[in-house]
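Here's the structure we're looking at; comments come further down.
The values are calculated or read from the model by the stated rules, or taken from the named source; none is laboratory data. Keep in mind the model is a prediction, meaning the values are calculated, not measured. With ideal geometry, Cβ positions are generated from the backbone for all residues, glycine too; neighbour counts draw on all protein chains shown. Quick note on the areas: whole protein, heavy atoms, side chains included, nothing else; ligands and nucleic acids left out. Shrake-Rupley method; radii C 1.70, N 1.55, O 1.52, S 1.80 Å.
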Amino acid sequence: MLNFILVAVAVILVTIGLVKLVDKFIPAKFKPLLNIALWLLIAFLGYKTYVSIYEPIQFNKVKNKRYAQVIESLKDIRDSQLAHRQVIGVFAKDFDNLIKFVDTAQYTITQRRDSSIIDVEMTKRYGVDTFKDIIIVDTLGFVSVKDSLFKSSTRYKTMMNVPVGEEGAKFKMDAGFIEQNNIKIPVFEASVKKNVILYDQNKDLLVQENQVVSVDGVNGDALKVGSMDEVNTNGNWPKTYGSNE
């Protein structure tokens, strides 16, 4: 892009020089047509130079705004999935079950306290009262997952929908297990392709965006949270868009 701008500016300057040469050396009867042609060329190159600078700026504005909205939805999905794992022990494999869970599930509020009781075996062995320490877990009550995560909002019911970009698009989500040290650990991933989010933007700039590798950008061709390949519930966006953890 920078090369194109430099070339365009150089051509414009050369063309302006040609206009002056035409005015000085070309016979009068040819001057009007040549001048018009050269000024049209200058205008065209000027326009192309302007567009080459303006389009990336507008693309980034649209991208940043849309990414921010998509990331908020991915955070809702992650919060709901983490609650599902806390209560059920695994992640939900599809949105229907996840939404039903948020609608109906409750957190159990507990309190842990230290106590001690008679150690019957040791008391019999030594003939004197012997105590052992224990931890007692008291159930204090229950709190709705829905109220805890979303208060009075019902946005969780549509969290499968990509909020911007291609109409009708939905997040892709999966869940399962990976094995580490002979232990099966639950994992999940929710994602949407950049091509869906930015479907109506400049195609060349979109190709570049899909190839981004940067600490300040969203690497890869999708926005996602979680992973099916490793134990990770983080998002792949930089912290300029908000916490990804």
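The set of residues in segment 119-153 being part of a loop (DSSP other than H, G, I, E, B), modelled with pLDDT of 90 or more and either among the small types (Gly, Ala, Ser) or surrounded by 10 or more Cβ atoms within 10 Å (Cβ to Cβ) (or both) consists of Ser152, Ser153.
Could you please find all residues in segment 160-196 being in contact with a Ser or Thr (Cβ under 6 Å, 6 or more places away or on another chain) and in a loop (DSSP other than H, G, I, E, B)?
Matches in segment 160-196: Pro163 only.
Filtering segment 43-63 for residues that are surrounded by 15 or more Cβ atoms within 10 Å (Cβ to Cβ) and either in contact with a strand residue (DSSP E or B) (Cβ under 7 Å, 6 or more places away or on another chain) or at pLDDT 95 or above (or both) leaves a non-empty set.
Considering segment 84-113 alone, what residues qualify as being within 20 Å of the chain's Cα centre (by Cα), of a type in the set (A, V, I, L, M) and either part of a helix (DSSP H, G or I) or at pLDDT below 95 (or both)? Spell out the reasoning first.
Keep residues of segment 84-113 that are within 20 Å of the chain's Cα centre (by Cα), which gives 91-95, 98.
This time we only want the ones that are of a type in the set (A, V, I, L, M), so: 92, 98.
The one that is within 20 Å of the chain's Cα centre (by Cα), of a type in the set (A, V, I, L, M) and either part of a helix (DSSP H, G or I) or at pLDDT below 95 (or both): Leu98.
Restricting segment 221-235 to residues that are under 14 Å from the mean Cα position of the chain (by Cα), open to solvent by 20 Å² or more (accessible area, probe 1.4 Å) and not polar (S, T, N, Q) leaves a set whose member that is nearest to Asn181 (Cα to Cα) is Lys224. Going by the conditions given, is Tyr199 under 20 Å from Gln69 (Cα atoms), among the aromatic types (Phe, Trp, Tyr), out of contact with any strand residue (DSSP E or B) (no Cβ under 7 Å at 6 or more places or on another chain) and outside any helix (DSSP H, G or I)? In short, yes. When Leu34 is tested against (1) assigned to a helix (DSSP H, G or I); (2) at pLDDT 95 or above, only condition (2) is not met.
In segment 168-220, which residues are of a type in the set (D, E, K, R) and either open to solvent by 70 Å² or more (accessible area, probe 1.4 Å) or more than 14 Å from the chain's Cα centre (by Cα) (or both)? Once the filter is applied, which keeps residues that are of a type in the set (D, E, K, R) and either open to solvent by 70 Å² or more (accessible area, probe 1.4 Å) or more than 14 Å from the chain's Cα centre (by Cα) (or both), segment 168-220 yields Lys170, Lys172, Asp174, Glu179, Lys184, Lys193, Asp200, Lys203, Asp204, Asp216.
Between a first residue in segment 76-98 that is within 12 Å of Val225 (Cβ to Cβ) and aliphatic (A, V, I, L, M) and a second residue that is assigned to a helix (DSSP H, G or I) and open to solvent by less than 40 Å² (accessible area, probe 1.4 Å), which pairs have beta carbons less than 8 Å apart while being 6 or more apart in sequence or on different chains? Cβ pairs passing all conditions: Ile77/Leu98. In summary, Val102 fulfils each of the numbered conditions (1) surrounded by 13 or more Cβ atoms within 10 Å (Cβ to Cβ); (2) touching a residue at least 24 places away in the same chain (Cβ under 8 Å); (3) touching a strand residue (DSSP E or B) at 6+ places or on another chain (Cβ under 7 Å) with the single exception of condition (3).
In this structure, is Val225 outside any loop (DSSP other than H, G, I, E, B), aliphatic (A, V, I, L, M) and free of Cβ contacts under 8 Å to residues at least 24 places away in the same chain? Walk me through it before giving the result.
Working: outside any loop (DSSP other than H, G, I, E, B): yes; aliphatic (A, V, I, L, M): yes; free of Cβ contacts under 8 Å to residues at least 24 places away in the same chain: no.
Taking the combined requirement at face value, the residue does not satisfy it.
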